[in-house]
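These notes are about the structure you will find just below.
Just so it is clear, none of the values below were taken in a lab; they were calculated from the coordinates. Given the structure is predicted, the values throughout are model-derived calculations rather than measurements. Cβ sites come from the backbone with ideal geometry, for glycine too, and all protein chains shown count toward neighbours.
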Amino acid sequence: MQMECKARLNSGSLSAPCNTNSGGEPKHQPPRLHMPAMVKEVIEYLGCSRKPDGVFVDMTVGTGGHAEAILRAAPNATLIGIDRDEASLEVASERLAEFSGRVVLIHGDMRDVQRLLRLCGIESVDGCLIDPGMSLWQVDQERGFSFRIPAELDMRYDRAQKLTAKDIVNSVSFEELVNMLKAAGERRKKARAIAQAVVEARAKNPIETTEQLAAIIAEAIKPKGWQRIHPATKAFMALRIAVNEEADALEQGIRAALHVLRVGGRIVVLTYQSIEDRIVKRLFEAYSQLTPTNLPSPFPPLPMVSGAVRVRVLTPKPLRPSRHEIKINRCARGCKLRAAERVDDGVQPSCSQ
Ligand SMILES: C[S@@+](CC[C@H](N)C(=O)[O-])C[C@H]1O[C@@H](n2cnc3c(N)ncnc32)[C@H](O)[C@@H]1O
């Protein structure tokens, strides 16, 4: 399949290049462009200089910050950029326009990376990058991601998906709400107080907007004195993670990536939550064993890892951004980077797993 600059695949079919930003910009302020985290380390661990003409997949390309850096660092490389958010892809398409002929952007889910690459005629790649979650650019859209921006409670990365944050808030049980909140790091007592307030509020009227939900939470857990973060921060994060199945996507995305890497190819994963970092650590450890194994962990046991894929962990401890980077990019402050290299196991990667 032909690969051209600004060519885009929409869930599988090649579409016309896009030039416009139709991201639905909020009226109050122009959306900020996402500032990518740990760019130097991403480039180094992906091995861009070792593979100047390699094939790299940015499995969560967003508005294209890391992708641009990869294309600059590997001057003859091809970059496949995948994202669930079509509006972000439009921004990335503009941003990467100068790398004519070396970029394909695909609207899709990282869990489908094998199928999506196969559509481009690609069986295996030199590097995979996963930088999951939400970009700053998305926060600034009127799509319900932020309690600071009045909007419908939506929070879908992929607007073709049916389930929204509004559906979850108004339908799941008290216990499910508590579990969702605890999984996102909320303390048990606060999680129960928020869940109780939500259940009571929705019994009177459906909860439909970011303002409504933020007010319900702020009332339920009135902060004593000054608080570093808004009381609704973790609840909004919990909802976003649930709407977009982020934990599952990360686990399945990493597994799929390992199967498309060639021997010597590398995977780099950035995470911002300890729950995400544990998923990465645990998968890398499991795939680095000679005999597939399940490691002790707070998560349900892994389905048996494939004996045909093995990696060498390149970061026994996760790398963190420097103080200087955190100073200029606050969004990077919780970032952890882990990387691994696929090693020879006698079996070549194949798109059919
Ligand atoms: C932190 S941003 C990536 C920013 C990007 N690295 C950059 O430099 O601009 C995360 C992106 O992942 C996308 N995303 C989230 N879940 C996804 C999934 N399952 N498959 C593909 N993309 C996903 C989001 O839409 C968002 O654009």
Compute the projected area of the convex hull of the Cα atoms of region 31-135, averaged over all viewing directions, and report it in nm² to one decimal place. 6.0
Point-to-point label distance, Lys40-Ala97, nm (Cα→Cβ direction, 7 Å offset): 3.2
All lysines inside 18 Å of Lys281 as judged from Cα atoms, apart from same-chain residues fewer than 8 positions distant: Lys317, Lys336
Round to a whole angstrom and tell me the spacing of the C-alpha centers of region 231-252 and region 173-227. 15
Sort out for me the Cα centre separation of region 50-97 from region 100-171, rounded to whole Å. 14
Mind grabbing the base-10 log of I(q)/I(0) for region 134-227 at q = 0.17, 0.18 Å⁻¹? Debye formula, identical points on the C-alpha positions, no solvent, two decimal places. -0.78, -0.88
Which value in nm describes the separation of the simple spin-label points at Lys224 and Lys204, placed 7 Å from the Cα toward the beta carbon? 2.6
So for region 162-243, if I pair up every lysine 8 or more residues apart or on another chain, how many of those pairs have alpha-carbons under 14 Å apart? 7
Nearest 0.05, what FRET efficiency do Phe174 and Asp53 give at R0 = 41 Å with Cβ-Cβ as r? 0.15
